[in-house]
1. For the range 213-234, how many residues meet the condition of being modelled with pLDDT of 95 or more and either open to solvent by less than 40 Å² (accessible area, probe 1.4 Å) or touching a strand residue (DSSP E or B) at 6+ places or on another chain (Cβ under 8 Å) (or both)?
2. Do you know which residues across the range 92-105 are in a loop (DSSP other than H, G, I, E, B), closer than 19 Å to Ser139 by Cβ and open to solvent by 10 Å² or more (accessible area, probe 1.4 Å)?
3. Go through the residues of the range 353-368 one by one and say whether even a single one is open to solvent by less than 10 Å² (accessible area, probe 1.4 Å), part of a helix (DSSP H, G or I) and modelled with pLDDT of 95 or more.
4. Kindly establish whether Ala337 is in contact with a strand residue (DSSP E or B) (Cβ under 6 Å, 6 or more places away or on another chain), surrounded by fewer than 23 Cβ atoms within 10 Å (Cβ to Cβ) and at negative phi.
5. Consider Lys394 carefully, then state whether it is in a loop (DSSP other than H, G, I, E, B), in contact (Cβ under 8 Å) with a residue 12 or more places away in the chain and over 22 Å from Thr125 (Cβ atoms).
6. Can Pro388 be described as in contact (Cβ under 8 Å) with a residue 40 or more places away in the chain, over 25 Å from Leu312 (Cβ atoms) and either open to solvent by less than 50 Å² (accessible area, probe 1.4 Å) or not hydrophobic (A, V, I, L, M, F, W, C) (or both)?
7. Taking the options Leu2, Leu68, Leu7, name whichever one is among the hydrophobic types (A, V, I, L, M, F, W, C), part of a helix (DSSP H, G or I) and at negative phi.
8. Does Gly161 count as closer than 17 Å to Ser375 by Cβ, in a loop (DSSP other than H, G, I, E, B) and open to solvent by less than 50 Å² (accessible area, probe 1.4 Å)?
Amino acid sequence: MLSALGLARAIEDGELTPAQAVDLCADAIAKRESEVGAFVTLDIETARKAAQTPGLKDKPLRGLPVALKDIFDTADMPTEYGSPIYAGYRPKADASLVALIRRNGGTFLGKTVTTEFAHLDPGKTRNPRNLAHTPGGSSSGSAAGVAAGFFPIATGTQTGGSVIRPAAYCGVIGYKPTFGDFSRVGIKMQCHSLDTLGLMARTLDDIALFRGAVLKLPPVKIDRSPLDRRGARPRIGFCRTPIWDEASPDTKVMLEKTVSKLADKGASVVDVAFAAPFADILDDHGAITNYEGTRNYADERLRNPDKVSKELMGGAMKRGLEVSFGRYVAAQRKSTAFRAHVDSLFDKVDVLVCPSAPGEAPAGVEFTGDPRFNSIWTLAGTPCVTLPVGTGAKGLPLGLQLVGLRHEDDRLLSTAAWVAAHLD
């Protein structure tokens, strides 16, 4: 499977039609979907028809095949949010991002598997790198489908670690934009203070192409030789985070070797740590997500409690009811201070590097993995990218997470491209 940018160029040059791009995806899906289980809704015939719409090749996305996490409302396909409560549910309108993708020439193949309400209870999807392991969550099908070559790009959402973690587990590029850059109108809201829409793709150029199209930005060209604000070499902050000891030994070794290699390649590398008052910031993330999620899912838990998983009802929702309004307000105030503190770290560096996940994808499909190495940055509202960097002890992908300053996503993508180019 070509990258999204590669397909777009082939379509633009007349070497491939949008319908033929759909056929390439259909062939890959036919070979492995039965074992990977990336889709909850798949409609190749409708995609083929849509790909024959006149003028697609002149639009920014050139008719590219796109997959949507099944938490985005779609007017022409069911949207079930990973829950039996919404089996067969047909929204009346597209989510904002879905409408913008259509407008800019994307062709939808179907809806990918999400965990229940984008929380923790897993779906059927397996990791295409090793079917005995989880693909991560909650954007399980999107990450697995890109990794399996079913489609070049897919949407996801992240409240804790639901874009970066599964992308890392499946060995693909994951991108969480600055909070709020992509409109959240028309998604099933879990946590209004944190829910962030994101993307999975095969290359950073694919991310830049898609981001530029839906945000109506000038053509985004990734600069693989970024300079910092002083016109000098890239400045990288090695941020182990307060939970560094929870990373696996192979993840720690990978991070340490990577920053050493980047220093040898010309980057300026310094250690960066959070100020002492933010050592327990993950507790505040938990207070906010549990408090808001329990109340945002009030109808589901009160009217259909028997159709909500025991994990969600007895776990996050129960904890959310125990969070007082005063504790929630305190967490919100602290998160505001934390965002300002994280912003200040970029006075001395251009990008932070840290783990994308504790380690390789866990065995089995019952547990989608620990999201906390991502939750920190979701709370900070920062743009994040994960790059696949080698494998761990079990031969599964490891990820390097890069974090940028809020609203400097282009700079993050360019610096990430420089990092990727200098890892060989």
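The values are calculated or read from the model by the stated rules, or taken from the named source; none is laboratory data. All values reported here derive from a predicted model rather than from experimental measurement. A quick note on method: Cβ atoms are made from the backbone with ideal geometry, for glycine too, and the neighbour counts reach across all protein chains shown. When the accessible area is computed, the model is the full protein with side chains, heavy atoms only, and any ligands, DNA or RNA have been set aside. Shrake-Rupley method; radii C 1.70, N 1.55, O 1.52, S 1.80 Å.
1. Number of matching residues: 2.
2. Asp94, the sole residue that qualifies.
3. No.
4. No: the conditions fail for Ala337.
5. So Lys394 fails the test.
6. Criteria met by Pro388.
7. Result: Leu7 is the single residue among Leu2, Leu68, Leu7 that is among the hydrophobic types (A, V, I, L, M, F, W, C), part of a helix (DSSP H, G or I) and at negative phi.
8. Spelling it out, Gly161 is indeed closer than 17 Å to Ser375 by Cβ, in a loop (DSSP other than H, G, I, E, B) and open to solvent by less than 50 Å² (accessible area, probe 1.4 Å).
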